[in-house]
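Below is a structure I'd like to ask you about.
The values are calculated or read from the model by the stated rules, or taken from the named source; none is laboratory data. These figures come from a predicted structure and were not determined experimentally. In this analysis, Cβ positions are derived from the backbone assuming ideal geometry, glycine residues included, and neighbour counts consider all displayed protein chains. We work out accessible area using only protein heavy atoms, side chains counted, and drop any ligands, DNA or RNA first. Shrake-Rupley method; radii C 1.70, N 1.55, O 1.52, S 1.80 Å.
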Amino acid sequence: MATFVCRVQFLDDTDPFNSTNFPEPTRPPLYTFREDIPLINQLAGVHRLLKAPHKLDDCALQLSHNGTYLDLESSLAEQRDELEGFQARGKKHSIILRTQLTVRVHACIEKLYNSNGRDLRRALFSLKQIFQDDKDLVHEFVMAEGLTCLIKVGAEADQNYQNYILRAMGQIMLYVDGMNGVIAHAETIQWLYSLIGSKFRLVVKTALKLLLVFVEYSESNTPLLLQAVTTVSGDRGCKAWASTMEILDEKDGVDTELLVYAMTLINKTLAALPDQDSFYDMVDALEEQGMDTVSQRHLGRRGTDLDLVEQLNIYEAVVATTDAAEPGDAQTPQEPEGPELRGGTVRAFAERFGDLVKDLGSPLQPLPDPHSSSPTTPAPEEPPPPPPPPKKESETIWDQLLASPRELRIGDDFDFTDLTETDDRDVLDAGLRQGFSDRPPPPPPLPSLMPPRFPPPPPMLGMAGCPPPPPPMMGMMRPPPPPAFNTPSAPPTEPPLFSKKKKTIRLFWSEYQDYSRSGDSLWSKLEPIKVDTAKLEHLFETKSKEIAKTAADGKRQEVIVLDSKRSNAINIGMTVLPPPRTIKTAIVNFDEYALNKEGIEKILTMIPTEEEKQRIQEAQLANPDVPLGSAEQFLLSLSSISELSARLQLWAFKLDYEATEKEVAEPLQDLKEGMEQLEKNKTLRHILSTLLAIGNFLNGTNAKGFELTYLEKVPEVKDTVHKQSLLHHVCSVVAENFPQSSDLYSEIGAITRSAKVDFDQLQETLTQMERRCKASWDHLKVIAKHEMKAQLKQKMSDFLKDCAERIIILKIVHRRIINRFHAFLLFLGHPAYSVREISVHRFSKILSEFALEYRTTRDRVLQQKQKRADHRERNKTRGKMIVDVNAPGGVGASDRERRHLGLGFESPGMAGYL
């Protein structure tokens with residue numbers, strides 16, 4: 001068992017804006033690492049030894065001698081190359097426990113987004129130093145869309161904050177990773193160019209410096225700058241390079257540095273243009289805005305700065321050379337020999353870069369403007385009122401999606417586009433109810449108080465099954481047989497197939513038995529393989545040390561930490577999960593094929609507590625030669641997954657969403673269709689008109705209608721003579737007067753389906769969907785702090801945006817359909833004060849059950865009617881002879897006529913047949 005003993009310290013960087021560069025404690029303790037165990041399983045021991053303030057899931061290990069971060073998923077033996085020089089003589093290096101890079105980057109971005117006032121100023125000012133202190137942080141910041149964050153914050157900030165952002169941007173562009181991030185982020189170049197039009201000279205000067213650095217870094221950056229200039233100018237409705245020309249025109253006063261930087265940027269851009277057309281387009285744009293006049297004015301003025309004169313001469317020379325060239329032979333113009341504008345080596349470029357940004361690291365006070373008449377010290381202002389608490393990112397995204405227009409359609413299955421804004425008005429509002437009734441409406445019903453659904457607890461031991469069998473006992477010898485009497489003698493043993501000098505471990509498989517008649521099987525088609533038996537004998541020799549691992553009772557020794565109840569519950573739950581070795585990868589990658597919804601719910605009940613993780617890791621380190629129990633090993637594997645609960649909750653929402661959405665959208669679609677079916681149904685109108693006529697006669701009134709809730713009582717009213725129900729008589733009248741009418745039930749299927757839905761619960765489900773979607777944004781944000789594939793993050797982000805869009809549509813649809821339902825009840829004649837008391841479920845149930853009763857009664861009425869018709873037809877021929885029925889004279893013809901036709905009974909021919 002190889003170990004690695006070294007000093008350990010921690011760096012308190014939990015708050016990246018208030019961290020220290022000095023590891024603690026000053027007298028580091030020693031820690032013994034196992035070289036064969038992944039570092040993530042030993043991290044808790046280091047954390048506990050140092051009593052570090054970090055959250056365990058956010059910790060990383062860094063080597064002090066070279067700043068390399070160790071891979072926690074690997075062991076030290078697998079990272080031996082990174083430890084080269086760590087234990088050199090005379091050097092006392094240590095392994096430092098600190099916050100992961102991704103976690104610190106996300107903390108920085110969150111601070112910038114959610115801060116304001118003094119806190120934001122301090123954060124922006126500290127950002128440059130943070131990038132200086134850790135070279136690895138720049139790459140993570142760029143990958144985590146940190147540039148987008150800086151631009152968003154800078155777009156709404158004043159000039160002092162913009163200066164701090166530009167200082168941090170300059171530090172980012174010092175690193176290759178940072179420059180590559182800027183190159184790939186067009187919005188950054190556009191923002192830098194837009195700042196050239198700022199009214200504050202220090203902002204303009206710094207932005208010009210960074211654009212010079214960007215163009216000089218690589219010739220391929222010039223087209224990117226041109227594209228940014230075109231985009232910004234188009235958005236502002238001005239000509240290209242208009243902001244630069246305003247600087248050269250000295251509209252805001254004379255500042256020699258600004259003139260030199262602006263002219264240098266123009267020359268370097270012209271020198272690196274990739275084609276002739278771009279060159280002429282840029283020169284034409286400058287000349288149209290008076291570049292020639294500006295150049296002559298500066299060159300003809302006494303005391304013009306020599307650097308400015310040099311840049312103007314370069315421009316004039318380039319334009320003159322291009323004008324003198326033949327159009328057919330013209331090449332892309334280059335800068336004339338003389339002053340070297342592009343460094344030939346990386347070192348020369350770095351020196352020039354450092355000169356350009358040497359004053360970006362100035363102290364907190366902004367540089368004074370020598371041409372400004374305003375005092376350098378601003379007058380004290382009244383402290384602004386405290387800002388409102390910032391919104392969560394999920395709330396902001398939700399509000400943005402809520403404000404955008406959308407089509408009320410969810411996929412190809414649910415079309416709600418016919419719901420218009422008129423359906424947003426509730427007809428039961430006070431302004432719309434005037435004229436319906438003077439009685440005030442009753443208070444709305446209380447919302448559903450049903451508790452949220454949680455996954456069921458794991459089955460208890462002895463109630464829902466027994467624990468799985470113990471693992472096979474490797475290397476275990478058979479226990480001695482009990483003493484027996486009259487034991488028969490054992491059969492003679494066969495000679496061994498292989499001669500082995502050493503005892504090897506056994507594979508406890510079940511041997512294949514050929515039960516097929518043909519003998520054709522997979523095993524019969526395998527080709528024999530020759531193996532190195534001597535090597536196998538050496539590799540799999542049974543060691544006496546392993547035999548000693550078995551306890552006195554013959555069971556294999558294992559490290560057991562959990563109590564029996566918890567252990568059995570985990571072992572039972574593992575029987576419905578994939579192999580433990582595959583679960584971590586499946587959870588990290590959200591692999592739906594490896595782990596289903598039931599598996600996720602089961603794992604949610606198994607998440608280890610901090611105490612369990614600590615006890616298991618301590619037991620593993622204390623007993624390195626004894627394996628962990630199956631439940632302990634499973635929990636140890638789960639504990640190595642960062643933000644496990646957030647991952648499972650997010651994944652569970654993703655798997656649940658489609659079915660949950662269907663549970664909400666389908667009933668809403670059915671209710672909408674059901675109201676349309678009822679409104680257009682002719683049979684229902686025939687029934688209601690018939691029932692109204694009967695009721696008016698019986699009541700001796702002239703009512704115009706009645707509430708449809710009375711329909712549930714119609715089958716119960718019976719006549720006093722035949723005891724037939726009122727519904728029976730209604731069916732008879734409708735069938736007699738409207739023979740083309742239907743059975744009603746088959747034409748209102750949507751209402752029947754709506755009767756099976758609890759719409760109060762549906763509204764609660766919709767609210768729960770919104771709550772879970774917003775929580776999933778927070779879960780994704782927490783997960784993204786740790787290593788997460790960019791493609792997977794984008795996929796999950798797109799999924800949540802789509803879900804948010806769909807939920808917003810469903811909420812609009814729900815509100816409009818319920819409002820339409822209220823209007824429909826008023827249309828059916830219900831008084832306004834009672835509409836809110838009638839739920840969708842009760843109304844649909846009344847209509848559905850009445851329609852079912854009507855169909856049953858109608859079938860019975862039609863059957864009786866058909867029986868009577870058949871009976872009348874039967875009576876026409878009952879007891880009649882065929883000679884009576886078929887006689888041309890018809891039934892009832894005189895005997896004389898029948899005799900005349902030869903059809904009488906006495907007819908010898910007919911009598912012979914009968």
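List every residue pair whose Cβ atoms lie under 6 Å apart, where the two residues are 6 or more positions apart in sequence or sit on different chains, the first residue falls within segment 163-183 and is outside any helix (DSSP H, G or I), and the second residue, located anywhere, is crowded, with 20+ Cβ neighbours inside 10 Å.
Y175/V138
For segment 849-884, what are the residues that are of a type in the set (S, T, Y) and under 17 Å from V730 (Cα atoms)?
Listed by number, the residues that qualify are Y854, T856, T857.
Among the residues of segment 301-327, what is the count of those that are open to solvent by 40 Å² or more (accessible area, probe 1.4 Å), farther than 17 Å from Y261 by Cβ and modelled with pLDDT of 85 or more?
1
Keeping to segment 583-622, report how many residues are closer than 20 Å to I783 by Cα, open to solvent by 60 Å² or more (accessible area, probe 1.4 Å) and over 19 Å from the mean Cα position of the chain (by Cα).
2
Something else now. Give the residue that is most open to solvent (accessible area, probe 1.4 Å), with candidates limited to residues of segment 792-835 that are of a type in the set (D, E, K, R) and more than 18 Å from L668 (Cα to Cα).
From segment 792-835, those of a type in the set (D, E, K, R) are 793, 795, 798, 801-802, 805-806, 811, 815-816, 820; that's our starting set.
If we keep only those that are more than 18 Å from L668 (Cα to Cα) too, we end up with 793, 795, 798, 801-802.
Details: K793: 66, K795: 122, D798: 74, K801: 92, D802: 74 Å².
Checking each candidate, the answer is K795.
Could you check segment 163-180 and list, in sequence order, the residues that are open to solvent by 10 Å² or more (accessible area, probe 1.4 Å) and under 33 Å from the mean Cα position of the chain (by Cα)?
Y175, V176, D177, N180
Taking A157 as meeting all but one of (1) farther than 28 Å from V46 by Cα; (2) of a type outside the set (K, R); (3) assigned to a helix (DSSP H, G or I), write down the number of the exception.
Condition not satisfied by A157: (3).
Now a separate question. For segment 748-771, indicate whether the set of residues that are basic (K, R), over 27 Å from A851 (Cβ atoms) and surrounded by 15 or more Cβ atoms within 10 Å (Cβ to Cβ) is non-empty.
Within segment 748-771, not a single residue is basic (K, R), over 27 Å from A851 (Cβ atoms) and surrounded by 15 or more Cβ atoms within 10 Å (Cβ to Cβ).
Matching residues to (1) at pLDDT below 90; (2) within 29 Å of P624 (Cβ to Cβ); (3) over 32 Å from the mean Cα position of the chain (by Cα):
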{"position": "D13", "(1), (2), (3)": "yes, no, no"}
{"position": "P16", "(1), (2), (3)": "yes, no, no"}
{"position": "T26", "(1), (2), (3)": "yes, no, yes"}
{"position": "L30", "(1), (2), (3)": "no, yes, yes"}
{"position": "D36", "(1), (2), (3)": "yes, yes, yes"}
{"position": "I40", "(1), (2), (3)": "yes, yes, no"}
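Taking into account only those residues within segment 272-285 that are open to solvent by 30 Å² or more (accessible area, probe 1.4 Å) and not hydroxyl-bearing (S, T, Y), which is farthest from the chain's Cα centre (by Cα)?
Top of the filtered list is D284.
A follow-up question, please. Looking at (1) over 30 Å from T102 (Cβ atoms); (2) in contact (Cβ under 8 Å) with a residue 60 or more places away in the chain; (3) aliphatic (A, V, I, L, M); (4) surrounded by 17 or more Cβ atoms within 10 Å (Cβ to Cβ), which one does V782 not meet, given that it meets all the others?
Only one criterion is unmet by V782, namely (1).
Shifting gears a bit: Considering only residues that are at pLDDT 85 or above, open to solvent by 40 Å² or more (accessible area, probe 1.4 Å) and not in a loop (DSSP other than H, G, I, E, B), which ones fall in segment 535-573?
Across segment 535-573, the qualifying residues are S564, K565, R566.
Scan (1) part of a loop (DSSP other than H, G, I, E, B); (2) in contact with an Asp or Glu (Cβ under 6 Å, 6 or more places away or on another chain); (3) of a type in the set (A, V, I, L, M, F, W, C) for the single condition A750 breaks and write down its number.
(1)
Just the residues that are among the β-branched types (V, I, T) and in contact with a strand residue (DSSP E or B) (Cβ under 8 Å, 6 or more places away or on another chain), please, taken from segment 396-418.
If the condition is that a residue be among the β-branched types (V, I, T) and in contact with a strand residue (DSSP E or B) (Cβ under 8 Å, 6 or more places away or on another chain), then T417 is the only one that fits.
Can you name every one of the helices (runs of 4 or more DSSP H) wholly within segment 623-740 that holds 1 or more residues which are of a type in the set (D, E, K, R) and open to solvent by 40 Å² or more (accessible area, probe 1.4 Å)?
On the way: elements: 630-639, 644-680, 682-699, 726-737.
Once the helices (runs of 4 or more DSSP H) in segment 623-740 are filtered for at least 1 residues that are of a type in the set (D, E, K, R) and open to solvent by 40 Å² or more (accessible area, probe 1.4 Å), what remains is 644-680, 682-699, 726-737.
Consider segment 286-297. How many of its residues are crowded, with 18+ Cβ neighbours inside 10 Å and assigned to a helix (DSSP H, G or I)?
4
Can I ask one more? Going through segment 106-115 one residue at a time, which ones are surrounded by fewer than 16 Cβ atoms within 10 Å (Cβ to Cβ) and either among the charged types (D, E, K, R) or not in a helix (DSSP H, G or I) (or both)?
Passing the criteria: only E110.
Please work out which one of (1) open to solvent by 70 Å² or more (accessible area, probe 1.4 Å); (2) under 19 Å from T206 (Cβ atoms) is the condition T264 fails and give its number.
(1)
Another question, then. Given the conditions (1) closer than 27 Å to F10 by Cβ; (2) touching a Pro at 6+ places or on another chain (Cβ under 6 Å), which single one is not true for Q129?
Just one mismatch for Q129, condition (2).
What number of residues within segment 206-235 are in a helix (DSSP H, G or I), in contact (Cβ under 8 Å) with a residue 12 or more places away in the chain and either among the acidic types (D, E) or open to solvent by 30 Å² or more (accessible area, probe 1.4 Å) (or both)?
7
Please list, ordered by first then second residue, the pairs with beta carbon atoms under 9 Å, 6 or more apart or interchain, first in segment 188-204 and more than 20 Å from N221 (Cβ to Cβ) and of a type in the set (K, R), second open to solvent by 10 Å² or more (accessible area, probe 1.4 Å) and part of a helix (DSSP H, G or I).
From residues that are more than 20 Å from N221 (Cβ to Cβ) and of a type in the set (K, R), the pairs are K199/Q159; R201/E257; R201/L258.
Follow-up. Kindly indicate whether any position in segment 336-356 is surrounded by 13 or more Cβ atoms within 10 Å (Cβ to Cβ), within 30 Å of M169 (Cα to Cα) and at pLDDT 50 or above.
Looking through segment 336-356, none of the residues is surrounded by 13 or more Cβ atoms within 10 Å (Cβ to Cβ), within 30 Å of M169 (Cα to Cα) and at pLDDT 50 or above.
Just one of (1) of a type in the set (A, V, I, L, M); (2) over 20 Å from L43 (Cα atoms); (3) touching a Gly at 6+ places or on another chain (Cβ under 7 Å) trips up A594, so point out which.
Going through (1) of a type in the set (A, V, I, L, M); (2) over 20 Å from L43 (Cα atoms); (3) touching a Gly at 6+ places or on another chain (Cβ under 7 Å) one by one, A594 breaks only (3).
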